[in-house]
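Below is one structure, written out as structure tokens; comments come after it.
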Amino acid sequence: MPFHGEKQCVGEDQPSDSDSSRFSESMASLSDYECSRQSFTSDSSSKSSSPASTSPPRVVSFDEVMAAARNFADMTLAHEIAINENFLLKQDALPENSLASQVKHIVHQAFWDVLESELNAEPPEYEHAIKLFEEIREILLSFLTPGGNRLRNQICEVLDTELIRQQAEHSAVDIQGLASYVISTMGKLCAPVRDDDIRELKATGNIVEVLRQIFHVLDLMKMDMVNFTIKSLRPHLQRQLVDYERTKFQEILEETPSALDQTTEWIKESVDEELLSLSETASTPGAEHSSKPSLRPTLLLNNSYLKLLQWDYQKKELPETLMTDGARLQELTEKLNQLKVIACLSVITNSIVGSVIEGLPEFASRLKRISTVLLEGMNKETFNLKEVLNSIGVQTCAEINKTLMERGFPTLNADVQANLIGQFSSIEEKDNPIRSLIDKRIQLYLKSLLCLPSPQKCMPPVPGGLAVIQQELEVLGYQYANIVNFNKQVYGPFYANILRKLLFGEEGPGKADASSPAN
């Protein structure tokens with residue numbers, strides 16, 4: 001394994017001080033360098049923000065592509081093991097009723113039918129059964145730790161295939177006894193979760209079915225052993241993950257020089273937007289007398305990260321440096337989209353019938369639960385958001401009227417109900433003012449979160465209008481900040497090189513040196 005040596009622990013929730021300082025040094029040196037340049041609102045700076053390489057593209061061989069793919073697979077697996085505490089390997093299951101599944105079933109059934117006919121023959125034929133016990137012996141031995149010599153010797157002695165063959169030649173072999181020993185040994189080696197399977201094995205009478213189920217349970221035990229090893233390896237991986245991922249990605253970059261194209265475009269989009277904003281500010285009357293603003297690399301990078309929570313994961317490719325966290329980012333984006341709608345519904349409800357439901361916190365919670373259930377799966381293409389919002393409006397009116405009747409007050413009139421339902425339905429429109437307002441406030445909250453050195457210790461205040469989703473938003477923001485901060489630690493040197501190239505038209509060093517990332 002490529003993980004050796006003792007280093008400061010780096011995990012999803014606990015980034016190392018050394019790696020954080022490395023990224024800070026990268027951005028700081030870039031920022032200092034940037035301050036000596038002219039304003040980026042000038043024509044020359046606009047040209048330098050769109051660098052073009054004069055070197056012809058290098059032809060990448062098939063072997064280099066495959067080597068890069070292997071490196072990416074290794075990096076992705078290591079990242080997933082270290083970051084995802086729920087990561088487990090599972091056995092591949094063929095689709096039910098598929099051709100492959102049917103062929104597998106037929107072949108396996110034919111094998112066990114042949115074995116049963118051999119054991120029931122007169123005299124019995126034991127050769128296939130002996131080979132099975134030989135395979136079982138090797139599997140059992142693979143479960144043993146280096147110090148398990150006593151059990152190792154016992155297994156080798158009881159499942160000695162040469163001795164079993166000699167016994168078979170003299171019709172003295174006890175297949176049932178051998179199977180019982182195997183089951184007993186499996187019971188000593190298996191995880192507690194397999195105790196029920198062992199009990200079922202002991203209760204099975206047919207020897208062929210016993211052997212068949214022994215192999216099934218052994219397969220499960222293999223997977224248990226792999227997952228136990230992964231769990232044991234996780235703390236070690238977390239200590240080494242930043243350096244390992246950076247090294248692996250550097251190898252990918254050397255094998256496929258275009259491995260940062262999408263990342264460059266992703267950052268360039270934020271640079272272009274900021275340049276445009278500065279240009280518009282400079283053209284505003286009176287702006288020429290103000291001091292010339294400059295682009296901040298950290299701000300540009302944070303703006304790029306914020307775009308990931310508005311990303312179209314079905315149509316746009318993620319930056320190469322974020323592919324290992326693609327599934328997590330997509331899940332956070334989908335959850336955030338749902339929270340935005342819930343916040344909009346709350347704002348509209350309070351603005352129209354706030355005086356009616358004032359002082360009823362349980363009512364607001366009930367409406368939130370209703371909205372959450374109905375908005376489940378809203379990111380699917382087949383989901384009809386307008387229709388669901390209309391249903392939420394109807395149900396909200398019904399809940400309000402029910403509450404009013406219980407307290408002896410008159411129900412909402414038809415105009416108020418129509419207004420409420422109509423405004424709910426209009427949230428689906430992209431230019432809806434309430435939706436835009438909520439989106440801006442969430443963006444402001446997340447941006448302030450990314451500026452904090454340690455979000456888990458001090459969360460920023462939640463802007464007005466977001467109180468109904470505060471708890472969920474803080475959890476989501478914490479997870480998002482962890483992903484971003486870890487990504488900065490790993491890929492900070494690469495980002496610094498890209499920003500130098502985009503802002504100053506300079507080619508960064510070919511290798512991202514972990515020890516001096518910005519030099």
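The values are calculated or read from the model by the stated rules, or taken from the named source; none is laboratory data. What you see is a predicted model; the values in this text were computed from it and never measured. We place every Cβ from the backbone using ideal geometry, glycine too, and count neighbours over all the protein chains shown. Surface accessibility is based on the protein's heavy atoms, side chains included, excluding ligands, DNA and RNA. Shrake-Rupley method; radii C 1.70, N 1.55, O 1.52, S 1.80 Å.
Below is a table of values for the structure above.
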quantity	calculated
Cross-link partners of LYS248 among lysines (Cα-Cα below 25 Å; sequence separation of 8 or more within a chain)	LYS7, LYS231, LYS268, LYS316, LYS488, LYS501, LYS511
Protein accessible area in segment 78-210, 1.4 Å probe - carbon and sulfur %	50 percent
Computed Kirkwood radius, in angstrom, where 1/r is averaged over Cα pairs of segment 138-227	13.9 Å
Cβ crowding within 10 Å averaged over residues, with 203-212, 390-399, 107-116, 297-306 ranked highest first	297-306, 390-399, 203-212, 107-116
Where only C-alpha atoms are counted, convex hull volume of segment 74-212 per residue in Å³	170 Å³
When segment 349-430 is reduced to its Cα atoms, the Kirkwood hydrodynamic radius in Å	13.4 Å
Inter-part distance where segment 310-331 and segment 450-501 are each reduced to a Cα centre, Å	16 Å
Inter-label distance, nm, simple model (7 Å from Cα along the C-beta direction), THR411/LYS104	5.7 nm
Cα centroid separation - segment 244-264 against segment 158-186, whole Å	55 Å
Rg over Rh, two decimals, segment 180-315 (C-alpha only, Kirkwood Rh)	1.38
Table column - 3J(HN,Hα) (Hz), segment 303-319, Karplus curve with 6.51, -1.76, 1.60, x for Gly and Pro	4, 5, 4, 5, 5, 5, 8, 10, 6, 8, 6, 7, 10, 10, 7, 6, x
Gain on full stretching of the segment that runs from CYS458 to GLN395 - 0.36 nm per residue minus C-alpha separation	18.9 nm
Hypothetical label at ALA191: residues of segment 200-216 whose amide nitrogen lies under 13 Å (7 Å Cα-Cβ projection)	none
³J(HN,Hα), Karplus 6.51/-1.76/1.60, whole Hz, each residue of segment 77-90, x for Gly, Pro	5, 4, 4, 5, 4, 6, 8, 8, 5, 9, 5, 9, 8, 10
Inter-label distance for SER142 and GLN443, nm, one decimal - labels placed 7 Å from Cα along Cα-to-Cβ	5.4 nm
Label-point gap, in nm, between LYS307 and ALA327 - each point 7 angstrom along Cα→Cβ	2.6 nm
Ranked by how many other beta carbons lie within 10 Å on average, peptides 125-131, 96-102, 267-273, 492-498 from highest	492-498, 267-273, 125-131, 96-102
Dipole moment magnitude, nearest 20 debye, segment 145-263 about Cα centre, only Lys, Arg, Asp, Glu C-beta charged	480 debye
Peptides 322-332, 308-318 ordered by average Cβ neighbours within 10 Å, highest first	322-332, 308-318
